[in-house]
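Novice: Please see the structure below; I have some questions.
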Amino acid sequence: VARKWDMKAMHKLMLSSAAYRRSAAVTPAMLEKDPDNRLLARGPRFRLPAEVIRDQTLWSSGLLVGKLGGPSVKPYMPEAVWDETSVYGDMRNYKADTGEGLYRRSLYTIWKRTAAPPSMLLFDSPGREVCTVKRSRSNTPMQALSLLNETTYVEAARKLAELTLRQAGDADARLSWMFRRVLRREATSDELALLRKGLDRRLATYAADPSLAPKLLANGMSPVPADLDRSQLAAWTVTANSLLNLDETVTRE
């Protein structure tokens, strides 16, 4: 009432409040004082919604288009995804956009009322036949497979790798930058060592067989820069893909 029913201002107040921004970590002292979290001593821990996961990935890669408004857009979808369920309209023979429509926020994705985009359904986005008061949340192997293999996420990993390779410093400095970009915190020494070990292994693999890199880098419509070594870019792409698939990346803590 004090904000004259401005819902946007109310949402901003809630999301920026100390109560909402509390960590999900629990200490023994906190658990003793507030075992049921009635005093909001800690925040909730949950997997992010489907739209947020996609938008976060696009932002991390630098692909996200921040344009507001306009008609629905057509991002990447599986081939013939709606051919069996579309008798009328323009959803048969679905063709993805070729420009910025691929990278607009998920809010603008075209949506068939009785069949949501498959990648959204995998992350429990509800259909639109009925009102959904509260979404369910699941954690399945299919979600990890989507983050590792779906065109949007593989392309985003490649673009994140491009951004990383353009950072100054050695491999460890670049890995640290990539880690901060995705997880918004500093990597520990053990985490950096693990990432470096995996990166070195992938660099050796792609250097040994130059035919592998083009197959990976062909995912997505954004151009591959000519000034970056293909084998290096492919190795860094897989590393970026691994970070984007981490539980911590897709979980609100």
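The values are calculated or read from the model by the stated rules, or taken from the named source; none is laboratory data. Since this is a predicted model, take the numbers as computed values, not measurements. Don't worry about glycine lacking a Cβ; one is built from the backbone with ideal geometry, like all the others, and counts go over all protein chains shown. The accessibility values were calculated without ligands, DNA or RNA, using every heavy atom of the protein model including side chains. Shrake-Rupley method; radii C 1.70, N 1.55, O 1.52, S 1.80 Å.
Novice: Helices (runs of 4 or more DSSP H) wholly in the stretch 1-85 with at least 3 residues that are of a type in the set (D, E, K, R) and closer than 30 Å to Leu147 by Cβ - which ones?
Specialist: Working: elements: 7-15, 28-33, 50-61.
It comes to 50-61.
Novice: With the condition kept exactly as written, say whether any residue in the stretch 104-126 is at pLDDT 90 or above, closer than 24 Å to Ala240 by Cβ and open to solvent by 60 Å² or more (accessible area, probe 1.4 Å).
Specialist: Yes: the stretch 104-126 contains one or more residues that are at pLDDT 90 or above, closer than 24 Å to Ala240 by Cβ and open to solvent by 60 Å² or more (accessible area, probe 1.4 Å).
Novice: Check Ser176, Ser231 and return the single one that is open to solvent by less than 50 Å² (accessible area, probe 1.4 Å), on the phi < 0 side of the Ramachandran plot, at pLDDT 95 or above and more than 23 Å from the chain's Cα centre (by Cα).
Specialist: After applying the criteria, what remains is Ser231.
Novice: If you don't mind, there's one more thing I want to ask. Applying the selection to the stretch 97-120, what residues are basic (Lys, Arg) and either under 11 Å from Lys67 (Cβ atoms) or touching a strand residue (DSSP E or B) at 6+ places or on another chain (Cβ under 6 Å) (or both)?
Specialist: Within the stretch 97-120, Arg104, Arg105 qualify.
Novice: Please go through the stretch 116-130 and pick out each residue that is under 20 Å from Leu147 (Cα atoms) and in a loop (DSSP other than H, G, I, E, B).
Specialist: If the condition is that a residue be under 20 Å from Leu147 (Cα atoms) and in a loop (DSSP other than H, G, I, E, B), then Ala116, Pro117, Phe123, Asp124, Ser125, Pro126 are the ones that fit.
Novice: While we're here: Out of the residues in the stretch 127-151 meeting the condition of being in contact with a Ser or Thr (Cβ under 7 Å, 6 or more places away or on another chain) and within 15 Å of Met77 (Cα to Cα), tell me which one is most open to solvent (accessible area, probe 1.4 Å).
Specialist: Glu150
Novice: Determine the pairs where a residue that is over 18 Å from Ser60 (Cβ atoms) and assigned to a strand (DSSP E or B), located within the stretch 92-115, has a partner that is among the polar types (S, T, N, Q) and open to solvent by 30 Å² or more (accessible area, probe 1.4 Å) with Cβ atoms under 9 Å apart, the partner being 6 or more residues away or on another chain.
Specialist: Thr109/Ser72; Lys112/Thr85; Ala115/Thr85
Novice: Still on this structure: Please determine, by comparing only the residues of the stretch 10-41 that are aliphatic (A, V, I, L, M) and loosely packed, with under 12 Cβ neighbours inside 10 Å, which one is nearest to Ser138 (Cα to Cα).
Specialist: Ala25
Novice: Starting from the stretch 1-26, take each residue that is farther than 16 Å from Ala41 by Cα and list its partners that are among the basic types (Lys, Arg) and surrounded by 10 or more Cβ atoms within 10 Å (Cβ to Cβ), counting only C-beta distances under 9 angstrom and pairs at least six apart or across chains.
Specialist: Ala9/Arg3; Met10/Arg3; Leu13/Arg3
Novice: Still on this structure, I have one more. Given the structure, is Leu203 in contact (Cβ under 8 Å) with a residue 60 or more places away in the chain, more than 24 Å from Val52 (Cα to Cα), more than 22 Å from the chain's Cα centre (by Cα) and open to solvent by less than 70 Å² (accessible area, probe 1.4 Å)?
Specialist: Answer is no for this residue.
Novice: I'm told Met120 meets every condition in (1) among the hydrophobic types (A, V, I, L, M, F, W, C); (2) closer than 30 Å to Tyr94 by Cα; (3) in contact (Cβ under 8 Å) with a residue 24 or more places away in the chain; (4) out of contact with any Asp or Glu (no Cβ under 8 Å at 6 or more places or on another chain) except one. Can you identify the failing condition by its number?
Specialist: (4)
Novice: Of these, Pro49, Pro44, Pro71, which one is open to solvent by less than 50 Å² (accessible area, probe 1.4 Å) and either free of Cβ contacts under 8 Å to residues at least 12 places away in the same chain or out of contact with any helix residue (DSSP H, G or I) (no Cβ under 7 Å at 6 or more places or on another chain) (or both)? Full working, then the answer.
Specialist: On the way: Pro44 fails: open to solvent by less than 50 Å² (accessible area, probe 1.4 Å); Pro71 fails: open to solvent by less than 50 Å² (accessible area, probe 1.4 Å).
Step by step, each of Pro49, Pro44, Pro71 is checked, and only Pro49 is open to solvent by less than 50 Å² (accessible area, probe 1.4 Å) and either free of Cβ contacts under 8 Å to residues at least 12 places away in the same chain or out of contact with any helix residue (DSSP H, G or I) (no Cβ under 7 Å at 6 or more places or on another chain) (or both).
Novice: May I ask you to verify whether Pro214 is open to solvent by 60 Å² or more (accessible area, probe 1.4 Å) and not in a helix (DSSP H, G or I)?
Specialist: no
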